[in-house]
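What follows is one structure encoded as structure tokens, with my remarks underneath.
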Amino acid sequence: MTGRTLRQMRSHAWLYVMILPVIVYFSVFVYYPLVQGVLSSFQEFRLLGGGEWVGTQNYVDVWETSKFWQVVRNTLLIGGGTLIFGFLPPIIVALALNEVRLLVFKKLAQTTVYLPHLFSWVVIGGMWIYLLSPSGGLVNELLALLDVGPVRFLTNTNWARTMMIGLPIWKDMGYAAIIYLAAITSISPTLYEAARIDGASRFQQVYQITVPLLTGTMKVVFMLNILGLLRIFDQIFVMRNPVIQRGIDVIMTYVYDMGIQRYELGFASAISVLVLIATLGMTAIVWKITGFGRAD
Amino acid sequence: MQDVKKLQAPVTHETTESPSKAKGVVRHSMGDRLFSWGVIAFLVILMLMMIVPFINVLAVAFSAPLASMEPGIILWPREFSVEGFKTVWINLDLQRAFLNSVIVTSVGTVAHVTLCCIAAYVLIQKDLPGRSLMLLFILATMAIPGELIMIPLYIVNRDLGLLNTLWALIFSGMVSGFSILLLRNFFAGVPYDLAESAKIDGASDFHIFRTIYLPLSQAGIATIALFELVSRWNQFMPVILYINDSSKYTLQVALNALVTENLGTSGMSMVTPNVRMAGIVIAILPLVVIYPFMQRYFVQGITLGSVKE
């Protein structure tokens, strides 16, 4: 270390003191737990006292537990369903919002569509448990007008899975739409003018100018969503019940049940490590495919 | 995902100043007019899908206890009453959980903004040895989702004696790489000459931070603070991880026990729908109140953020 660097460090001593709490915080609440989590996955815990090294036994146990594969399957079904079916709606909403000329209406629509995203899954889940109830819930009331039902939305596995896919789409549609809308407004108006001069209808302008120019944003949104896929937790935790639990429990609720409720810390840590590896792997693959890393 | 929300949210208001509404006379063909009406119809239906469930919740919340148990309440309360609010607030003691949430949210947000601002200030110093190393140390935390380390985090909190205290909840997410990154961008928009000349005049770092950076980055700080406020208020997983003692429950968890009673298993609920929906109304009320202010700050945030470009 040169004298100059040392002098500079001394003159900036206060700056180091200022950032110290943040460094300590991340060490204690991110890096230490991360290392500890990886180590725990190779240990067996007893209720009192520390862990005992068991090699890869926890990973073998996880691999051989059928419930693990069940929750993996549920996660892929529910998360994948949300990813695929939730892809198009926000784009359509953004395109529609962009076509509105009346500013007040546009703002109102945007605010309304974004509203559910503002609230927690406890609020949204609690509300929909009530709305979907077979006895007196709004949805079944409306279905009764059509002589349908009552449908047991949350006590039938297939319906429950459908709801677990549909509700996050409903909740987060407005949020993704706002990202798309921002991208749309950055498209140069001269492109549309040129198209108008060529006699393109408004629908043609949307389809042939706006949509192709949104592909970059689509990639980004898709990537952000794919990273959240394996981490679904709140919505399932709030809306599950014993009748449908087998069909909708996901990886993270399983980690919670095993680790916190049943205190199988090694087993739960092993699953966490697997999910972490899978997430990092998926990130790398998606970055490569979409070229997101380069674009940024 | 919380962080992602923060990243994207400030763009909200760019859309209201859309340049695409280029003035000029545009001829309206029959097809274009049909298209316009189709778009409006679509959006109206969409808005109804979003808003009707909430109106239904309000209608049930303001209905009398027995009336709320019968089907058929859609948009308007039956036998208007505030009984549900009284029951949930006083008898079921949601007030205590509400108070816990207010404490955690306010202390947590202030701590978050303070620590992240200080870190961001340090990280924009051009001639600070070790700056890029610290930056890497902080930004790398963004790649590690909190959920995936919940088991060891639980153990850390247990070992520090934080379980069943509100401190565990305040510490959870108290600093985030994301907020630091965003604030750093805001601070980078403040002219460096200002700080430079103050330094020559002998001002301390803390003084420069307080008198130059903070006032000039108000909009950015407000944006971070408001997003932190919302995510703190909605905080759920840390509470079910660290808190067992029901007197320390926050609003979300107390509400969870109230509104997610299993349909299949509990035939004998003493809690009528009006009480449950009143709980939901109480939980969303603070967010609905600050929502309009958030929008105002986003606009300023965009203006400030665009300076550096």
Exercise. With the condition kept exactly as written, say whether any residue in segment B:55-74 is more than 8 Å from chain A (Cβ to nearest Cβ), of a type in the set (Ser, Thr, Tyr) and either part of a loop (DSSP other than H, G, I, E, B) or more than 30 Å from B:Ile180 (Cβ to Cβ) (or both).
Key: yes
Quiz item: Quick check: anything in segment B:158-166 crowded, with 17+ Cβ neighbours inside 10 Å, within 26 Å of B:His207 (Cβ to Cβ), touching a helix residue (DSSP H, G or I) at 6+ places or on another chain (Cβ under 7 Å) and away from chain A (no Cβ under 11 Å)?
Solution: no
Practice problem: Kindly check whether there is at least one residue in segment A:187-205 that is of a type in the set (S, T, N, Q) and under 28 Å from A:Val286 (Cα atoms). | Solution: no
Quiz item: Within segment A:35-47, is even one residue in contact (Cβ under 8 Å) with a residue 12 or more places away in the chain and under 23 Å from the mean Cα position of the chain (by Cα)?
Solution: yes
Quiz item: For A:Tyr207, are the conditions met, namely being over 30 Å from B:Arg33 (Cα atoms) and out of contact with any His (no Cβ under 6 Å at 6 or more places or on another chain)?
Solution: no
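A quick yes/no check of all residues on (1) within 9 Å of chain B (Cβ to nearest Cβ); (2) buried (at least 22 other Cβ atoms within 10 Å of the Cβ); (3) in contact with a Pro (Cβ under 8 Å, 6 or more places away or on another chain); (4) not in a helix (DSSP H, G or I):
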{"residue": "A:Gly199", "(1), (2), (3), (4)": "no, no, no, yes"}
{"residue": "A:Tyr207", "(1), (2), (3), (4)": "no, no, no, no"}
{"residue": "A:Met223", "(1), (2), (3), (4)": "no, no, no, no"}
{"residue": "A:Gly247", "(1), (2), (3), (4)": "no, no, no, no"}
{"residue": "A:Gly259", "(1), (2), (3), (4)": "yes, yes, no, no"}
{"residue": "A:Ser269", "(1), (2), (3), (4)": "yes, yes, yes, no"}
{"residue": "A:Thr279", "(1), (2), (3), (4)": "yes, no, yes, no"}
Quiz prompt | Criterion violated by A:Ala94 - all others in (1) in contact with a helix residue (DSSP H, G or I) (Cβ under 6 Å, 6 or more places away or on another chain); (2) closer than 26 Å to A:Arg240 by Cβ; (3) more than 8 Å from chain B (Cβ to nearest Cβ); (4) aliphatic (A, V, I, L, M) satisfied | solution = (2)
Practice problem: Give the residues of segment A:132-157 that are surrounded by fewer than 20 Cβ atoms within 10 Å (Cβ to Cβ) and free of Cβ contacts under 8 Å to residues at least 12 places away in the same chain, sorted by residue number. | Solution: A:Gly136, A:Glu141, A:Leu142, A:Leu143, A:Ala144, A:Leu145, A:Leu146, A:Asp147, A:Val148
Self-check item: Matching residues, segment A:65-108, being free of Cβ contacts under 8 Å to residues at least 24 places away in the same chain and crowded, with 18+ Cβ neighbours inside 10 Å
Solution: A:Ala96, A:Val100, A:Lys106
Quiz item: When A:Thr111 is evaluated against the numbered criteria (1) among the β-branched types (Val, Ile, Thr); (2) within 30 Å of A:Asn98 (Cα to Cα); (3) in contact with a helix residue (DSSP H, G or I) (Cβ under 7 Å, 6 or more places away or on another chain), which criterion, by number, is the only one it fails?
Solution: (3)
Self-check item: Yes/no for B:Ser81 being at pLDDT 95 or above and surrounded by 14 or more Cβ atoms within 10 Å (Cβ to Cβ)
Solution: no
Quiz item: Filtering segment A:125-178 down to residues that are within 8 Å of another protein chain (Cβ to nearest Cβ) and of a type in the set (Phe, Trp, Tyr), which residue is nearest to A:Gln110 (Cα to Cα)?
Solution: A:Tyr175
Quiz item: What number of residues in segment A:225-245 are more than 13 Å from the chain's Cα centre (by Cα) and under 13 Å from A:Met164 (Cβ atoms)?
Solution: 7
Exercise. With the checklist (1) within 13 Å of another protein chain (Cβ to nearest Cβ); (2) touching a Lys or Arg at 6+ places or on another chain (Cβ under 7 Å); (3) not aromatic (Phe, Trp, Tyr) in hand, flag the one item A:Pro89 doesn't pass.
Key: (2)
Exercise. Go over the candidates B:Val156, B:Val122 one by one and state the one that is part of a helix (DSSP H, G or I), among the aliphatic types (A, V, I, L, M) and closer than 16 Å to A:Met18 by Cα.
Key: B:Val122
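The values are calculated or read from the model by the stated rules, or taken from the named source; none is laboratory data. All of these numbers come straight from a predicted model, not from anything done at the bench. Counting neighbours? That spans all protein chains shown, and the Cβs are built from the backbone with ideal geometry, glycine included.
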